[in-house]
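The values are calculated or read from the model by the stated rules, or taken from the named source; none is laboratory data. Note that the structure is a prediction, hence the values are computed from the model and not measured. Positions of Cβ are backbone-derived with ideal geometry, glycine not excepted, and every protein chain shown enters the neighbour counts.
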Amino acid sequence: MWDRVLFKDRAKAIMREHYWKVFIACLIGSLLNVTSSGSIDLNLNLNSSNIKSLSNLGHGIPLNPFAPGVYGRAAALMLVLTVIILIFSVFAVVLTTFVFNPLRVGFCRYLVLTQQYKRPADIGEIFWGFGCGHYLNLVKTMFFMDLYCFLWSLLFIIPGIVKAYEYTCVPYILAQHPDMNYREVLSYSKSMTNGHKFDIFVLRLSFIGWEFLGALLFGIGVLFVTPYIELTNGEMYAYLRRRIFFDQTTGHGGSYQDHDPYSQDYSHGYT
């Protein structure tokens, strides 16, 4: 049964013993822009707001950069700014696809291991995606996730938000199963979040008070709340993972490993 209070209590139990170790990992994750909170959004994909800003740029000015006088110079400036924005947006998409997304999967792996063993994983797990042997599959899967969310967001934004919640589990699944086909990963995430998208929204909304308090300290305070939020997200994923595979069985008791056909032992190299 979904219980966000239980998720938070389990996160607090880890924090009571290992707060500063988790804090350092979350600080690195925030600086790399791969946490779900407390980071600056560097993902400047061409979304609807970017497109709108481009369409409004130089509104009412002739588009001919060779026109004489002020209008010609303004049109030329508009063209240059448009090209710069497009180049920067493409660069941001490439950077997100090939750098930030694998780091995001690695950070989720850190959370999965920490949740599984109830103590902080090695911080190096954040960079695991670059050396796991399935880097291109991580890039491909996360790219399609972002692409589908973007395309759905073109339908008045709301469908894109719903799709983003639907794909909440994608980086976590990849963190455990980096070789899984991207369609299968997206399908599993859809199944895991089915019936719980609003619950996930409420869970994230429940941290707004902590984030507000953190923001009062010039935003720095949010960094100290991030471990609480991220560990809770890890507990949430563990529940969704456990629920979906338990539902596929006959309902007998046992551990999560008894029911999860993709369960693996990650204890090797774990500190």
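In the list D146, D199, D179, which residue meets the criterion of being in contact (Cβ under 8 Å) with a residue 60 or more places away in the chain, over 19 Å from N233 (Cα atoms) and of a type in the set (D, E)? Steps first, please.
On the way: D199 fails: over 19 Å from N233 (Cα atoms); D179 fails: in contact (Cβ under 8 Å) with a residue 60 or more places away in the chain.
Going through D146, D199, D179 in turn, the sole match is D146.
When you look at N137, is it modelled with pLDDT of 95 or more, among the polar types (S, T, N, Q) and surrounded by fewer than 18 Cβ atoms within 10 Å (Cβ to Cβ), yes or no? Considered against the rule, which asks whether it is modelled with pLDDT of 95 or more, among the polar types (S, T, N, Q) and surrounded by fewer than 18 Cβ atoms within 10 Å (Cβ to Cβ), N137 comes out as no.
Which is surrounded by fewer than 17 Cβ atoms within 10 Å (Cβ to Cβ), touching a residue at least 12 places away in the same chain (Cβ under 8 Å) and hydrophobic (A, V, I, L, M, F, W, C), of F98, F91, F156, F107? Write out each step before concluding.
On the way: F91 fails: touching a residue at least 12 places away in the same chain (Cβ under 8 Å); F156 fails: touching a residue at least 12 places away in the same chain (Cβ under 8 Å); F107 fails: surrounded by fewer than 17 Cβ atoms within 10 Å (Cβ to Cβ).
Answer to the check: F98.
Could you please give the count of residues in segment 115-151 that are among the charged types (D, E, K, R) and more than 15 Å from R104 (Cβ to Cβ)?
Result for segment 115-151: 3.
For segment 43-65, state whether one or more residues are in contact with a Gly (Cβ under 9 Å, 6 or more places away or on another chain), part of a loop (DSSP other than H, G, I, E, B), within 26 Å of F143 (Cα to Cα) and at pLDDT below 75. Yes, some residue in segment 43-65 is in contact with a Gly (Cβ under 9 Å, 6 or more places away or on another chain), part of a loop (DSSP other than H, G, I, E, B), within 26 Å of F143 (Cα to Cα) and at pLDDT below 75.
The numbered conditions (1) within 19 Å of L240 (Cβ to Cβ); (2) buried (at least 23 other Cβ atoms within 10 Å of the Cβ) are all true for Q116 except (2). In segment 202-234, the qualifying residues are those that are in contact (Cβ under 8 Å) with a residue 24 or more places away in the chain and of a type in the set (V, I, T), and the one that is farthest from I244 (Cα to Cα) is V222. Residue count for segment 202-233, restricted to those that are within 20 Å of C108 (Cβ to Cβ) and among the hydrophobic types (A, V, I, L, M, F, W, C): 7. The residue list P171, P120 contains one member that is touching a Lys or Arg at 6+ places or on another chain (Cβ under 6 Å), in a loop (DSSP other than H, G, I, E, B), under 28 Å from K8 (Cα atoms) and not hydrophobic (A, V, I, L, M, F, W, C), which is P120.
Hey, can you tell me all the residues within segment 180-214 that are surrounded by 15 or more Cβ atoms within 10 Å (Cβ to Cβ), in a helix (DSSP H, G or I) and hydrophobic (A, V, I, L, M, F, W, C)? Once the filter is applied, which keeps residues that are surrounded by 15 or more Cβ atoms within 10 Å (Cβ to Cβ), in a helix (DSSP H, G or I) and hydrophobic (A, V, I, L, M, F, W, C), segment 180-214 yields V185, L186, M192, I200, L203, W210. Scanning segment 93-139 for residues that are in contact with a helix residue (DSSP H, G or I) (Cβ under 7 Å, 6 or more places away or on another chain) and among the β-branched types (V, I, T) gives T97, V105, V112, T114, I123, I126, V139. Within segment 203-216, being under 12 Å from M236 (Cα atoms) and of a type in the set (A, V, I, L, M) holds for one residue alone: L203.
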